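What follows is a set of notes on a single structure, which appears directly below.
The values are calculated or read from the model by the stated rules, or taken from the named source; none is laboratory data. Everything quoted here is computed from the prediction, not taken from an experiment. Please note: Cβ atoms are built from the backbone with ideal geometry, for glycine as well, and neighbour counts cover all protein chains shown. Calculation scope for accessible area: heavy atoms of the full protein, side chains included, ligands and nucleic acids excluded. Shrake-Rupley method; radii C 1.70, N 1.55, O 1.52, S 1.80 Å.
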Number of protein chains: 2
Amino acid sequence: MKRILLTVAYDGTDFCGWQTQPGKRTVEGELNKALTEMTGKEIAVIGASRTDSGVHGKGNLACFDYDGPVPADRFYLALNTYLPDDIRVRASEEVKADFHPRHCDSKKTYEYTYYCDAVPMPTERRFAAYTFVKPDIEAMNRAAAYLVGEHDFKSFCCVRTQAESTVRRIITIDVFARDENHVVIRVTGNGFLYNMVRIIAGTLLEVGAGRYEPEIVREMLNATDRCAAGKTAPPEGLTLVRIEIPPEEKYL
Amino acid sequence: MKRILLTVAYDGTDFCGWQTQPGKRTVEGELNKALTEMTGKEIAVIGASRTDSGVHGKGNLACFDYDGPVPADRFYLALNTYLPDDIRVRASEEVKADFHPRHCDSKKTYEYTYYCDAVPMPTERRFAAYTFVKPDIEAMNRAAAYLVGEHDFKSFCCVRTQAESTVRRIITIDVFARDENHVVIRVTGNGFLYNMVRIIAGTLLEVGAGRYEPEIVREMLNATDRCAAGKTAPPEGLTLVRIEIPPEEKYL
């Protein structure tokens, strides 16, 4: 028996999020179905990040135990032939038997993308949130700087969160123009609360639009109250780009 | 009565192309339906470019005659509220009464995008053709240079073409890496034959993969035989970016 770790990419548009739910199409559900079909055994993966409905993944992680003949580092090639085309496993590798993708040190990087123009562009609507605002990127970066470090992010998480602690550490946030019409917020941290990146993205856009001064983000943090921060930006703009785990957590 | 010209953008994935066909969902069909619903009159647009099934548009053009109260330059705002979210009209303006978007001098720019990686990326599959090849962009540009100018493009058009002449003029072709994984072929010309850009894209990828020498493109042109050129690249990689029409063709 070996534990295999998959790197999973998906277009989240047509999924009810990552986590299995009865009667709903989810990424985890499709992975389990494909693994069971491929191996002939009931397999249920453990995912690293339970992304929301409509949120995309380029590097989510999932692991499961397997004792068949397919080599771990070639497993993804076979599995892809069982998956729908909005999910692709990008890599597979063997990890130590007690590895758990949520109970380990990790750094997650998300990108939130806005498409900024006078009229929406249909070819952008699945992977970027639309805004007619041409945001002030410099103001957004000044606001974002207040979020870097370890803070209680209670103001920046959904009131329905079940997390015991709302303290998290943001390692970096960068706001930049990818081209004339795309503004990207790239954030790396050691963990994120429910809706945290989308509330940060919504708040930073309001700063970029001149509705809030950048300095108000500090007060928002201090309020530890969801009502103090800005709107939750829509899911289509959000992509989980990668999850970095130190080798000693993964391998013996 | 005035003639209104629309700039039309669409995600071509879920359309059976531009041109109206009975029982099929097409861009032209949806535009006509929305215009009829908005104005209460039967309206049928005349399109500039009848893009194929699965091909995208950022700047296709369509015109029609209208005698209602909505100002031409604000018409698109109202029309967008009647359209499905995979079509957006980006601009509208009044043009002269005898303007015809296919019977005028114009410059069309298309982009063909390849996503190049070991494994497909689900978030790219609608707007880029996948290839595991890391193509040699310099070789592709050398091959592309043979296509610039006025040539008989019979080898580079679908055998089912109904065009009387297969002579066309390509003004520029550039092949470039948009980032680590995207290779873009941008081509501007005064008109394109059926499947011409997709056959050029398929042929240039084979050059980029080292299957053909760049110089062979000259022989392909001279053969005036579809069998001489490379494969037709799939539709999802193709986007009609813009159509430029000189002001004197549009306005009195």
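For peptide A:122-133, how many partner chain Cβ atoms fall within 10 Å of a residue's Cβ, on average? If you can, show how the numbers build up before the last one.
Working: counts 16, 13, 5, 4, 7, 4, 0, 0, 2, 0, 0, 0.
Mean shielding by partner chains, rounded to a whole number: 4.
Comparing Cα centroids, the range A:167-192 and the range B:14-62 end up 39 angstrom apart.
Here's how it looks for A:TYR130: its modeled amide H is under 5 Å from those of A:TYR115, which are all 5 or more places away or on a different chain.
Indicate, rounded to the nearest 5 percent, the antiparallel portion of the DSSP beta bridges found entirely in the protein assembly as shown. Approximately 90 percent, going by the DSSP bridge assignments. Which is the longest part of chain A that has none of the GluC sites (Glu not before Pro) sitting in a DSSP loop with at most 14 other Cβ atoms within 10 Å? Here the longest run is A:43-163.
Here, P(r) means the percent of Cα pairs in each 5 Å bin from 0 to the largest distance; for the range A:197-249 it is 5, 18, 23, 18, 11, 11, 7, 5, 1, 0. With label points set 7 Å from Cα along Cα→Cβ, the inter-copy distances at B:THR161 are 6.0 nm, sorted shortest first.
Based on the reciprocal of the average 1/r between different C-alpha atoms, the Kirkwood radius for the range B:1-134 equals 15.9 Å. Applying both filters, DSSP loop and at most 16 other Cβ atoms within 10 Å, to the trypsin sites (Lys or Arg not before Pro) of the range A:1-79 gives A:LYS24, A:ARG25, A:LYS41, A:ARG50.
Starting from the Cα gyration tensor of the range A:71-173, take the square roots of the eigenvalues, sort them a ≥ b ≥ c, and report rounded, prolate or oblate (rounded when a/c is under 1.5, otherwise prolate if a/b is larger than b/c, else oblate). Oblate, because a/c is 1.5 or more while a/b does not exceed b/c. Please check the range B:25-60 for residues whose accessible area, probe 1.4 Å, is lower by 30 Å² or more when all protein chains are in place than in their chain alone. Listed in order, they are B:LYS58.
I need the shape label for chain A. Rule: rounded when a/c is under 1.5, else prolate if a/b > b/c, else oblate, with a, b, c from the alpha carbon gyration tensor. Prolate. For chain A, with all protein chains in place and a probe radius of 1.4 Å, 48% of the accessible heavy-atom surface sits on carbon or sulfur. Solvent-accessible surface of the protein assembly as shown, averaged per residue with a 1.4 angstrom probe and all protein chains in place: 45 square angstrom. Which lysines have a Cα less than 18 Å from the Cα of A:LYS33, not counting those fewer than 8 places away in the same chain? Output for A:LYS33: A:LYS24, A:LYS41.
If you sort the three axes of the alpha carbon gyration tensor as a ≥ b ≥ c, you get a/c of 1.5 or more for the range B:148-249 and a/b no higher than b/c, which makes it oblate. Summed over both chains, the contact between A and B buries some 2000 Å² of accessible surface at a probe radius of 1.4 Å.
In the range A:116-233, what % of DSSP beta bridges are antiparallel (nearest 5)?
Details: 11 of 12 bridges.
Antiparallel: roughly 90 percent of the beta bridges in the range A:116-233.
Scanning chain B for DSSP H helices at least 15 Å long along the axis (C-alpha atoms) with a Kyte-Doolittle mean no lower than 0.0 picks out B:196-208. Here the chain A residue lying nearest the rotation axis onto B, judged by its C-beta and given with the distance in whole angstrom, is A:ARG126, 4. The orientation-averaged projection of the convex hull spanning the C-alpha atoms of the protein assembly as shown amounts to 27.6 square nanometres. By the rule of a C-alpha distance below 20 Å, with chain neighbours fewer than 8 residues away ignored, the lysines paired with B:LYS108 are B:LYS58, B:LYS154, B:LYS250.
Each copy carries a label point for B:PHE132 at 7 Å from Cα toward Cβ; from one copy, the others' points are 4.8 nm away, ordered from shortest. Counting, for every residue in A:239-247, the Cβ atoms of other protein chains within 10 Å of its Cβ and taking the mean gives 0.
Between this copy and the others, label points of A:GLU248 are 7.6 nm apart in ascending order, each placed 7 angstrom from Cα in the Cβ direction. Translational D (Stokes-Einstein, µm²/s) of the range A:72-123 at 10 °C and 1.306 mPa s when Rh comes from the Kirkwood sum over C-alpha pairs? Diffusion coefficient, whole number: 105 µm²/s. Max-minus-min Cα coordinates of the range A:9-69 on each principal axis give 34, 25, 14 Å, with the largest extent listed first.
Taking 8 Å as the Cα distance limit and 6 or more residues as the minimum spacing, I'd like the relative contact order of the range B:108-252 as a percentage.
Details: 294 pairs, mean separation 52.0, N = 145.
That works out to 36 percent.
The residues of the range B:72-91 occluded by other protein chains by 40 Å² or more of accessible area, set against the chain on its own, are B:ASP85, B:ARG88, B:ARG90; surface from heavy atoms, 1.4 Å probe. How much mean residue ellipticity at 222 nm does chain B get from its helices, if each DSSP H run of length 4 or more adds -39500 (n - 2.57) and you divide by all residues, to the nearest 500 deg cm²/dmol? One gets -6000 deg cm²/dmol as the mean residue ellipticity at 222 nm. Electrostatic tally near A:ILE43: other residues with Cβ closer than 14 Å to its Cβ, Lys and Arg +1, Asp and Glu -1, net -2.
Site pair B:ARG74 and A:THR81 shows an inter-label distance of 6.0 nm when each label is modelled 7 Å from Cα along Cα→Cβ.
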